[in-house]
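Just so it is clear, none of the values below were taken in a lab; they were calculated from the coordinates. This structure is a prediction, so every number in the text was calculated from the model and none was measured. We place every Cβ from the backbone using ideal geometry, glycine too, and count neighbours over all the protein chains shown.
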Amino acid sequence: MSLAPQRPEALAEPVRKVGPCWVALYVLANVGMFIPLQAPTTFLMPEQIAQIDPVEKVGSYAWVSMMGAISGIVLAPLAGALSDRTTSRFGRRRPWLIVGSLVCMAALVCIGIQTTVTGVAIGSLVLSAAFMIIGAGLSPVVPDQVPAGQRGVVLGWAMVPQAGGMIAGGLLLGLVTGFSAQYMLMAALPLLILLFATTMKDPPLPHRHREPFSLRTFLDGYRISPREHPDFVWAMSSRFIMGLGYGMGTLYLPYFLDDVLHYEQLFPGQSTEDGLLIVIGVNCLATISTVVLSGWLSDKLGKRRMLVFLGGVTMAVAAVLLALSPTWTMTLVAAVVLGLGYGVYLAVDTALVTEVLPASADRGKDMALANLMTSLPYVLVPPVASVVLSSLGGYRSLFLCSAAMSVLGAVLVWRVKTVR
């Protein structure tokens, strides 16, 4: 006898399309998350660390980046699992969005007044934890409330803030001066998450449907059986490898502009940060130009794997171009090519993942594991990149490694069989 009709609304598969107002508020919530997530780590922390420790800035930045990323290994699945089991009368996801936003705002303000690398690292750790808490509420909302046939276009719009977060953040940061004021400006943006949290429909989970939680249950959540859920495992593997490729190609871009292109000598009167903003702006515009279209197209065609594959291969082409010709002109060309590929990949891959989640009762935890596959590579990129940069050929080898990872990640998506 099927138990599907007895499922509470919180665990049922969504069948009714969400409206434009819901999509708009969800996009704003992503603005409130992705700009504070991306802009400080791209523009503020590298410069802040360079001022604190100019001699060892590369190693110090790697350490700070790792501190922030490591917290997600434990906190993302834990927060997701607890979100799945939240029985508050306010819903399952809303409490996590509210608490995470408040912690995020406080962490950003505190980082802005730090004067030591250790202080920035601790702040980065807390900030990362806050984003894990927010993600526990925000990521499962799409599989919770959006039917599968609409997810590509919804995620396409929702990924615009992720694609344009750095350029928008860079422009916003240019409105004020001083680390303290800039971090405070970033701290105001999670108010948009609070707006979405207080207005969205979030059906509560009845206590009788709450699965018991224990340390064993939590640890078992890390083990997804390849035999029982092969498509989810392959989708996560593809994401992880793709994340390695993207991280290798982008994480050290500020130092590439400074140490290889000598941007400030190439363009007297401009700073490296000016050049970085130009590259990011070009990249973001290219990404935005394809992210919504590719999501919509994947819904219409009912084919997601081909678009994920094409996006990954295109990103690899960008890395090869930069490896072969590390010039300012080619940097801009590569930024465009990378953006086009990343825009195709971004929304479609997330839509694909939502269709291979193992169980509706674990959407939060499983989405957290899937998202972890995009952040976990940033734990590995700094030490790997340090070895490549110092001993294995410098930036050319780093970009070739990035291309190889992107191609491998693109190939692995073909192992997913239940999604076209």
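Based on the mean of other Cβ atoms within 10 Å per residue, sort peptides 260-273, 165-178 so the most packed one is first.
Peptide ranking by packing, descending: 165-178, 260-273.
Remark: the stretch 160-168, residue by residue, has Karplus-estimated 3J(HN,Hα) of 4, x, 5, 6, x, x, 6, 5, 5 Hz, where x stands for each Gly or Pro and the curve is 6.51 cos²θ - 1.76 cosθ + 1.60 at θ = phi - 60°. According to the calculation over all Cα-Cα pairs in the stretch 300-420, the P(r) per 10 Å bin from zero is 13, 36, 33, 15, 3, 0 %. With the charge dipole of the stretch 217-281 set up from +1 on Lys and Arg Cβ and -1 on Asp and Glu Cβ about the Cα centre, the Cα lying farthest toward the positive end among the listed residues Tyr246, Gly269, Tyr222 is that of Tyr222.
Remark on the chain: Rg and Dmax equal 20.7, 74 Å (Cα only). Equivalent-ellipsoid semi-axes for the stretch 265-311 (Cα gyration tensor, √(5λ), whole Å, largest first): 36, 10, 5.
Entry for the stretch 259-363 at q = 0.12, 0.15 Å⁻¹: log10 I(q)/I(0) = -0.51, -0.69, Debye formula applied to identical alpha-carbon scatterers, no solvent contribution.
Label-to-label distance, Leu175 versus Thr329, with points set 7 angstrom from Cα along the beta-carbon direction: 3.7 nm. Here the stretch 6-99 is treated as a Stokes sphere of Kirkwood radius computed over C-alpha pairs; at 4 °C and 1.567 mPa s its diffusion coefficient rounds to 77 µm²/s.
Of the peptides 74-86, 48-60, the ranking by mean beta-carbon count within 10 Å, highest at the top, reads 74-86, 48-60. Listed by chain and number, the aspartates and glutamates placed with their C-alpha closer than 15 angstrom to that of Lys365 are Asp84, Asp144, Glu211, Asp220, Glu355; residues fewer than eight positions away on the same chain are left out. When the alpha carbon gyration tensor of the stretch 21-159 is reduced to an equivalent ellipsoid, the three semi-axes, largest first, read 31, 16, 13 Å.
Whole-Hz Karplus values for the stretch 20-26 come out as x, 5, 4, 4, 4, 5, 5 Hz, taken residue by residue from phi with 6.51 cos²θ - 1.76 cosθ + 1.60 and θ = phi - 60°; glycine and proline positions read x. Convex hull volume of the Cα atoms of the stretch 120-272, normalised per residue: 204 Å³. The 3J(HN,Hα) values that the Karplus relation (6.51, -1.76, 1.60; θ = phi - 60°) gives for the stretch 372-381 are, in residue order, 4, 5, 9, 9, 4, x, 6, 6, 8, 4 Hz. Gly and Pro appear as x. Full extension of the chain between Val387 and Ile113 yields a length gain of 95.4 nm, computed as 0.36 nm times the residue separation minus the alpha carbon distance. Dipole magnitude for the chain: about 1600 debye, using +1 per Lys or Arg Cβ and -1 per Asp or Glu Cβ, origin at the Cα centre. Backbone N atoms of the stretch 252-296 closer than 18 Å to the 7 Å Cα→Cβ label point of Lys17 belong to residues 292-296. I need the trypsin sites (Lys or Arg not before Pro) found in the stretch 204-258, filtered to DSSP loop residues with at most 16 other beta carbons within 10 Å of theirs. Loop-located and lightly packed - Arg210, Arg223, Arg227.
Note: relative contact order over the chain, using C-alpha pairs below 8 Å and six or more positions apart, is 26 percent.
Each Lys and Arg contributes +1 and each Asp and Glu -1, all at the Cβ; summed about the Cα centre of the stretch 279-420, the dipole is approximately 320 debye.
Partners of Lys303 within straight-line reach, counting lysines whose Cα lies under 18 Å from its Cα and excluding those fewer than 8 residues away in the same chain: Lys417.
How large is Rg over Rh for the stretch 53-108, taking Rg from the Cα atoms and Rh as the Kirkwood inverse mean of 1/r across Cα pairs?
My calculation of the ratio gives 1.18.
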